[in-house]
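A.B. asks: Please see the structure below; I have some questions.
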Amino acid sequence: MSSDFEAYEQDFGTLTAEITNKIGRIPKLSGEEKTQLVLNVDKQLEEVRELLEQMDLEVREIPIQSRAMYNSRLKSYKQEVEKLEKDFKRSRIAYSDEVRNELLGDDASSSENQRAHLLDNTEKLERSSRRLEAGYQIAVETEQVGQEILANLHSDREKIQRARERLRETDANLGKSSRILTGMLRRIIQNRILVFILGAIILLTIILAIYFNLRGH
């Protein structure tokens, strides 16, 4: 998983370097060349956003113990893209001003405050959207952690149940062994009693035999 993330990082670094270079060139160009460069940068920024989405998906697949480091790197990349988007907007505004001034002359400057206000509102909406996205990502990660904890608890419960079953089997075997030993001990005692009785009878018979033999003489 981490190797895929690092491959995306390399693509990200290459793209952002190209975008930074092109954004710096936009104010220096004019006409069709500038228009094409703006469109090209816009397309590459979309590719960068797709890369961030892929990186975000890869991070979600990384084990929790290693995820924090990749989340930190991903956060810095998102901040870098935000800065690029702001720089690109500034260059586009400058480009738009230049085109409108060429078409409308001094009348175009009257809408500058409205355009700045619109840009400010747009940036606020984007910040709110990013906060919502971050909240959603946190919720997804929390849900994943909860699912993993529940899976671990379920596994532990199964282990405890199997241990209890083994204990029950052991108790049953011990009870059976105890009953067998008790029966054996009872038979041993009975056999000893029988031996004592037989011994007593034999001894008594010998004594009586000796007695009657002596009396006959």
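The values are calculated or read from the model by the stated rules, or taken from the named source; none is laboratory data. No experiment lies behind these values; they were computed from the predicted model shown. Remember, those area values only see protein heavy atoms, side chains included, never the ligands or the DNA or RNA. Shrake-Rupley method; radii C 1.70, N 1.55, O 1.52, S 1.80 Å.
A.B. asks: Tell me, what does the Kirkwood hydrodynamic radius of the stretch 1-102 come to in angstroms if you use every pair of distinct C-alpha atoms? Can you show the working numbers first?
C.D. replies: Details: mean 1/r = 0.0676 Å⁻¹.
About 14.8 Å, per the Kirkwood formula over Cα pairs.
A.B. asks: Once you've got the Cα coordinates, tell me which of K34/K75; K28/K89; K28/K78 are over 23 Å apart. Please report the intermediate quantities before stating the final value.
C.D. replies: Details: K34/K75 31 Å; K28/K89 15 Å; K28/K78 27 Å.
Going by Cα-Cα distance, K34/K75; K28/K78 fall outside the 23 Å limit.
A.B. asks: In addition: Ordering L37, L185 by how much accessible area each has at a 1.4 Å probe, largest first, what is the list? Please list the in-between numbers first.
C.D. replies: Numbers: L37 15, L185 100 Å².
The ranking, largest first, comes out as L185, L37.
A.B. asks: Under a 1.4 angstrom probe, counting protein chains only, how are K86, K22, K176 ranked by accessible area, largest first?
C.D. replies: Descending accessible area places them as K176, K86, K22.
A.B. asks: How high is the relative contact order of the stretch 1-102? Use alpha-carbon pairs under 8 Å, at least six apart in sequence, and give a whole percent.
C.D. replies: Relative CO of the stretch 1-102 lands at 40 percent.
A.B. asks: Please work out how much length the chain gains when fully extended from L204 to R73, using 0.36 nm per residue of separation minus the C-alpha to C-alpha distance, in nm with one decimal.
C.D. replies: 36.8 nm
A.B. asks: Also, I was wondering about something else. Percent of accessible area on the stretch 1-102 owned by carbon and sulfur, 1.4 Å probe?
C.D. replies: Carbon and sulfur: 48 percent of the exposed surface of the stretch 1-102.
A.B. asks: I'd like the distance separating the alpha-carbon centroids of the stretch 146-195 and the stretch 21-84, in whole Å.
C.D. replies: Between the Cα centres of the stretch 146-195 and the stretch 21-84 lies a distance of 65 Å.
A.B. asks: Another question, if that's okay. Pulled fully out, how much extra length does the chain show between A17 and V145, if you take 0.36 nm times their separation in residues and subtract their Cα-Cα distance?
C.D. replies: 42.5 nm
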